[in-house]
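The values are calculated or read from the model by the stated rules, or taken from the named source; none is laboratory data. Note that the structure is predicted; figures quoted are calculated from it, not measured. All Cβ positions, even for glycine, are placed from backbone atoms using ideal geometry, and neighbour counts span all protein chains on display. Surface areas here come from the heavy atoms of the whole protein model, side chains and all, with no ligands, DNA or RNA. Shrake-Rupley method; radii C 1.70, N 1.55, O 1.52, S 1.80 Å.
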Amino acid sequence: MAVDMDKMIMKTTKVSQPLDTTSNNAELPAWLSKAIAQEQATQDIEAFLRAQPEIHDLSDLTPLKVSRFACVFSVRVNGENVVVKQFFKATADQTVRKLKSELDYIEALFGDGDCQANTCRMAWPSEGIVMLSFAPGPRLGDVLSGLEGNERRDLLNHSGRWLARYTAPRRHEGSFSPNFWIKRLRKKNLDAITDPADLTLLKQLIHAMEAQAQTIKGCPILHAATHNDFVGINAHYKDGIIYGVDIQGETWHPTAKDAARFLVWLQIHNRTQPQNRRSGICQNDWDAFLSSNVISASEQETTMPFLIGDQLYRRYISEYARPRKRKNTTAAITAYLDERLPQRSS
């Protein structure tokens with residue numbers, strides 16, 4: 001008879017220290033050092049899980065991610081496919097408690113409707129370990145990449161509704177401070193971008209955002225407790241249900257920032273380049289996602305375009321080493337600039 005694993009918090013002793021994948025294996029090839037670290041992490045977490053009295057059946061333990069900061073495993077526990085995460089930072093206990101608290105809240109909020117998230121099955125805060133339900137189906141981004149027409153519009157609207165549902169109960173209105181965002185962008189490290197033309201592109205993007213800042217400073221903006229990274233790789237889709245994953249805890253941000261992040265991520269992963277764009281984003285995707293009313297019509301004209309620029313700038317830097325994604329991001333920034341700086345120099 002399977003035990004009820006929902007909402008359980010257990011305490012035990014430490015199972016390991018943060019992984020050192022460099023110093024002890026400094027003389028080894030990178031691939032072998034990584035393999036050793038994975039093997040060590042897998043042995044540690046398996047020994048820990050098997051020692052827990054609530055776990056009477058464990059199989060198929062597979063490492064998904066192993067680093068000095070966290071390990072992620074897929075595993076079958078008591079007849080259920082789950083994901084186990086272990087955090088190694090000094091505040092790992094707080095991370096687990098906040099994660100569990102947020103997932104419990106979201107589970108109650110979403111219920112059994114078509115917007116859901118993975119749930120917390122077990123948690124060991126003192127160990128920095130948490131066990132989560134396994135979100136079914138393929139990633140949302142992979143599903144969207146194969147859709148066109150009404151099917152794509154419907155799923156994008158559904159995606160916007162997911163974010164709207166998440167943010168609806170916890171929100172407050174504030175006034176927008178665009179210079180805060182520009183200052184943060186100016187602190188980004190651009191050392192990896194060596195082509196002068198690429199640096200010029202980013203400079204022009206900042207210039208376009210500064211021009212917008214003059215007209216939107218102090219405008220209303222909605223802040224909410226939100227996912228903070230709701231993009232195509234952090235959600236799954238199956239049987240008409242979107243399951244959000246990788247929720248870290250209660251985090252407050254402008255809702256328009258999360259909407260901008262979703263659309264920019266989608267744009268740079270597009271297989272084709274759209275002819276009609278708005279703020280560098282495929283017009284049809286923009287319309288479909290925002291038809292969910294996740295942000296107000298007024299913010300679609302004020303904060304949303306500005307925060308699209310912010311996300312494009314960040315993605316250009318983070319994806320610079322990946323040629324296809326850099327090409328897509330360049331095309332989006334170029335369209336963004338052509339809309340705002342029609343007389344810009346080439």
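Laid out as a table, the results:
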quantity	calculated
Other-chain or far-sequence residues with amide H under 5 Å of Ala117's (modelled H)	Gly244
Net +/- balance of residues flanking Phe230 in space, Cβ distance below 13 Å, scoring K and R +1, D and E -1	+2
Per residue value of the accessible surface for the stretch 173-260 (all protein chains in place, 1.4 Å probe), Å²	48 Å²
Globularity index of the chain, i.e. its alpha-carbon radius of gyration over 2.2 N^0.38 Å	1.08
Debye log10 I(q)/I(0) at q = 0.16, 0.18, 0.25 Å⁻¹ for the stretch 279-329, Cα point scatterers	-0.54, -0.65, -0.96
Among Arg278, Arg170, Arg326, residue whose mean-square fluctuation peaks in a GNM of the chain (springs only between Cα atoms under 10 Å)	Arg170
Cβ-based charge dipole, the stretch 35-188, positive-most Cα from Gly141, Thr91, Trp181	Trp181
Shape call, the stretch 246-346: gyration tensor on alpha carbons, a/c limit 1.5	oblate
Kirkwood-Stokes translational diffusion coefficient of the stretch 139-185, alpha-carbon pairs, 20 °C, 1.002 mPa s, µm²/s	158 µm²/s
Anisotropy class of the stretch 71-177 from Cα gyration tensor, a/c 1.5 cut	oblate
Between the stretch 246-291 and the stretch 46-100, the Cα center-to-center distance that results, in Å	32 Å
Portion, in percent, of the accessible area of the chain that falls on carbon or sulfur, probe 1.4 Å	49 percent
Shape box of the stretch 102-162 [Cα atoms, principal axes, largest first, Å]	49, 22, 14
The stretch 208-297: C-alpha gyration tensor shape, a/c 1.5 cut-off, then a/b vs b/c	oblate
From phi via Karplus (6.51, -1.76, 1.60), per-residue ³J(HN,Hα) for the stretch 77-83 in Hz, x at Gly/Pro	10, 6, x, 10, 6, 9, 10
Net charge of Cβ neighbours under 13 Å - reference Val72; Lys, Arg +1; Asp, Glu -1	+1
Sparse-neighbour loop sites [chymotrypsin sites (Phe, Trp or Tyr not before Pro); the stretch 31-82; at most 14 other C-beta within 10 Å; DSSP]	Phe69
Highest-MSF residue in the chain out of Pro274, Pro136, Pro169 [GNM, Cα springs under 10 Å]	Pro169
When each of Lys65/Lys85; Lys85/Lys325; Lys187/Lys327 is checked by Cα-Cα distance, pairs over 20 Å	Lys85/Lys325; Lys187/Lys327
Table column - 3J(HN,Hα) (Hz), the stretch 147-158, Karplus curve with 6.51, -1.76, 1.60, x for Gly and Pro	10, 9, x, 4, 5, 5, 4, 5, 6, 5, 4, 4
Label-point gap, in nm, between Thr91 and Ser175 - each point 7 angstrom along Cα→Cβ	3.0 nm
All aspartates and glutamates inside 14 Å of Lys217 as judged from Cα atoms, apart from same-chain residues fewer than 8 positions distant	Glu299, Glu301
For the stretch 298-313, Karplus couplings with θ = phi - 60° (6.51, -1.76, 1.60), whole Hz, Gly/Pro x	5, 6, 5, 9, 10, 6, 4, x, 5, 6, 4, x, 4, 5, 4, 4
Area projected by the alpha carbon convex hull of the stretch 83-133, averaged over all directions, nm²	3.3 nm²
The chain: calculated mean residue ellipticity at 222 nm from DSSP helix runs of at least 4, using -39500 (n - 2.57)	-14500 deg cm²/dmol
